[in-house]
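Nothing in this text is a laboratory measurement; each read-out follows from the coordinates by a stated rule. In this text, all values refer to a predicted model and were calculated from it rather than measured experimentally. Here the Cβ is made from the backbone with ideal geometry for all residues, glycine too, and neighbour counts use every protein chain on show.
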Amino acid sequence: MTYYQPPMKAGEYTTGTTETADLKKTYRLPSGVYRWVTNDSAITNAGGKLLSHVFTAGAITGHVIECATASDYDIAGVIPIGTSGQGGAIALTTTLAAGSYFLAQVNGSAQVQAANTTVTLGAPLISTTTSGGVGSLVTTVDAAAALLGYIGYATNTAAATAAGQLITCVLSKVA
Amino acid sequence: MLREADLFPNIGRSNPTHVRDLLLQDRVYLRMIVGHITAHDLLTAVRGPGVATVDDPDEVQDAACPPKA
């Protein structure tokens, strides 16, 4: 195996188009596993939002959109938050223009946006119909089918008090 | 009989040969990663500095035969 650097740090984004060839490429970094993706439409308040894959003929394309489906099991990852960046650091309030490129996080410790205030400490998390937001499995969709959409559990020390609030979580399927 | 590939979607969508070639840690990751990813994705993943490229022999031994408490 060969050591390379990823195109940019997790939590950064660029609106350049020179990285198209790397779309879908996977990166193993000390902080988790990431995939290089681009968003098909603008994403407001991007930091911590949940993403869905855009498929072509059944195959993933590296193109993503905000997830707005309850218990979606085609999750493409989370938009990580950064503190600095050459192209630009992603914050909670950052707007990613359509066609931006960034690393989507698919496992490990992450920050995600709560879709509502049902997300308490240790809550099992799933996607919701709120664009990019996550809710609690037990209270949002209490059905076996929802288990397929499980994306991890909340590790915040306190419950979310407002929609759009960042909470910490561990992205993980049931093992 | 349930197989690993039945229980974990990312393993089910991977080529079994690729799954066998994974590092121990990557195999665990493949089970737990949220979203569509395959063993081939991890085998060809770009590894940043500080990420292991070979299995730690002690970890392999512990996984196969956990140390007694």
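Numbers for the structure displayed
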read-out	value
Charge dipole magnitude, Cβ of K and R +1, D and E -1 - the range B:4-64, Cα centre, debye nearest 20	320
Whole-Å semi-axes of the ellipsoid equivalent to the range A:34-175 (Cα gyration tensor, √5λ, descending)	22, 18, 12
Sorted peptide list for A:114-125, A:146-157, criterion being average Cβ within 10 angstrom, highest first	A:114-125, A:146-157
Residues A:112, B:46, B:60, sorted so that the one with the fewest Cβ neighbours within 10 Å comes first	B:60, B:46, A:112
The range B:4-64 pair-distance distribution - Cα-Cα, 5 Å bins, rounded %	4, 18, 29, 24, 17, 7, 0
Burial order of peptide ranges A:160-168, A:24-32 (average beta-carbon count within 10 Å, highest first)	A:24-32, A:160-168
Calculated on alpha-carbon atoms, Rg and Dmax of the protein assembly as shown in Å	17.6, 54
Centre separation in Å (Cα based) which lies between the range A:102-164 and the range A:43-59	16
Förster radius 41 Å - calculated FRET efficiency between residue A:144 and residue B:65 (Cβ-Cβ, nearest 0.05)	0.70
Volume in Å³ per residue [convex hull over Cα atoms, computed for the range A:112-171]	62
Per-residue average of Cβ from other chains inside 10 Å of A:30-39	3
For the range A:13-107: relative contact order, % (alpha-carbon pairs under 8 angstrom, 6 or more apart)	41
Whole-angstrom gap from the range A:61-86 to the range B:12-66, using each part's C-alpha centre	23
Average beta-carbon neighbours from other chains, 10 Å sphere, peptide A:108-115	1
Only Lys, Arg (+1) and Asp, Glu (-1) charged, at Cβ; the protein assembly as shown dipole about Cα centre in debye	60
Semi-axis lengths, Å, the range A:13-107, gyration tensor of Cα atoms, sqrt of 5 times eigenvalues	18, 15, 14
Percent RCO, i.e. relative contact order, over the range B:4-64, from Cα pairs under 8 Å lying at least 6 residues apart	33
Integer Hz, Karplus 6.51/-1.76/1.60 couplings in order for the range A:19-28, x for Gly and Pro	9, 4, 5, 8, 3, 6, 5, 9, 10, 9
Calculated [θ] (222 nm, deg cm²/dmol) that DSSP helices of n ≥ 4 give over chain A, each run adding -39,500 (n - 2.57)	-500 deg cm²/dmol
